[in-house]
Amino acid sequence: MRTDRGLRRLYGAGWLISAGVMLVAARMWRLHLLEVEQRAEEAERTKDEAAKRRAVEERLRIARELHDSLTHSISVIQVQVGVAVHLAGKRGEDVPPALLAIQEASTDAGRELRATLSVLRANEDGDTSGLGQLESLVARARTTGLPVTVTVTGRRRELTGGVDQAAYRIVQESLNNVSRHAAGARTTVQLHYQPDELVVQVENDGNAPSAPSQGQGLGLIGMRERVTALGGHLHTGPLPDGGFRVRAELPAQPAT
């Protein structure tokens, strides 16, 4: 009897000890999993911080390259054009419209370069160019002999920065392409505001470049990248009766 009673006590103690060991093991396992998760999160955070640090370093390098290579050249252009305009006025001569266009374009280029450099040296993206400068852009194109008309339909409203900037850049690049490949062609710029979309369309009635150059041009590639990044659609191609069309459909939520 005593032996049986002692065995039962031994079994009971064994079960208690086993249960205690299992609880301790489970606790240690949970602590181990927690430690593994923390290490993984720390590794991911360290990797993200390293990637951000490399991105900042690259942006600073690009900013230095742009500053060293472009700022001086644009400043020289501005000075030379300013002197030419001043001398023409001093002699009582009419300043050629092309010279005034160069002066304004160089001023805008300097402003945009400074804005780009400040963005590259900052932690957040931004751009001061937008449809608010569209009138000035079209006026410069007209001074170079490009007949441009602008049509705005729909309820005009303020746009988010990315869409506003992309729309302006698309019109800018399209007008540049017309000037280079179909100088003097009649060009129309259409902005159509819809409830959830902004359609930007630029057409000209001149001779468009050959299809291969249109498909491979860096300007069109840049447009497509901008539009795709915003979740929109870009359509480009020659018109049946001659000329070329650029049509961008941008998701346009109101700016908050």
* Structure fact -> Considering residues that are touching an Asp or Glu at 6+ places or on another chain (Cβ under 8 Å) and among the small types (Gly, Ala, Ser), the number found within region 233-248 is 2
* Structure fact -> Restricting region 158-175 to residues that are open to solvent by 40 Å² or more (accessible area, probe 1.4 Å) and over 19 Å from Arg224 (Cβ atoms), the one modelled with the lowest pLDDT turns out to be Gly161
* Where a residue in region 152-177 is more than 28 Å from Ala101 (Cα to Cα) and in contact (Cβ under 8 Å) with a residue 24 or more places away in the chain and its partner, wherever it lies, is of a type outside the set (A, V, I, L, M, F, W, C) and open to solvent by less than 50 Å² (accessible area, probe 1.4 Å), with Cβ under 6 Å and at least six apart -> Gly154/Tyr193; Arg155/Tyr193; Arg156/Tyr193
* Asked: So which residues in region 182-198 are touching a residue at least 60 places away in the same chain (Cβ under 8 Å) and farther than 15 Å from Ile170 by Cα, if there are any at all?
  -> Ala182
* To do: Can you work out which of the residues in region 90-103 that are open to solvent by 50 Å² or more (accessible area, probe 1.4 Å) and farther than 16 Å from Leu146 by Cα is modelled with the lowest pLDDT?
  => Gln103
* Asked: Does any residue of region 176-187 turn out to be modelled with pLDDT under 95 and part of a strand (DSSP E or B)?
  -> yes
* To do: Report, by residue number, each residue of region 211-256 that is under 17 Å from Ser179 (Cβ atoms) and either at pLDDT below 60 or open to solvent by 70 Å² or more (accessible area, probe 1.4 Å) (or both).
  => Ser213, Gln214, Gly217, Leu218, Arg245
* Structure fact -> Matching residues in region 144-155 (modelled with pLDDT under 85 and either touching a Phe, Trp or Tyr at 6+ places or on another chain (Cβ under 9 Å) or open to solvent by less than 60 Å² (accessible area, probe 1.4 Å) (or both)) number 1
* Residues of region 133-147 being among the hydrophobic types (A, V, I, L, M, F, W, C) and either assigned to a loop (DSSP other than H, G, I, E, B) or over 17 Å from Ala182 (Cβ atoms) (or both), which ones? -> Leu134, Leu137, Ala139, Leu146
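The values are calculated or read from the model by the stated rules, or taken from the named source; none is laboratory data. Please read all numbers here as calculations on a predicted model, not as lab measurements. Ideal geometry is used to build each Cβ from the backbone, glycine not excepted, and the neighbour counts take in all protein chains shown. We work out accessible area using only protein heavy atoms, side chains counted, and drop any ligands, DNA or RNA first. Shrake-Rupley method; radii C 1.70, N 1.55, O 1.52, S 1.80 Å.
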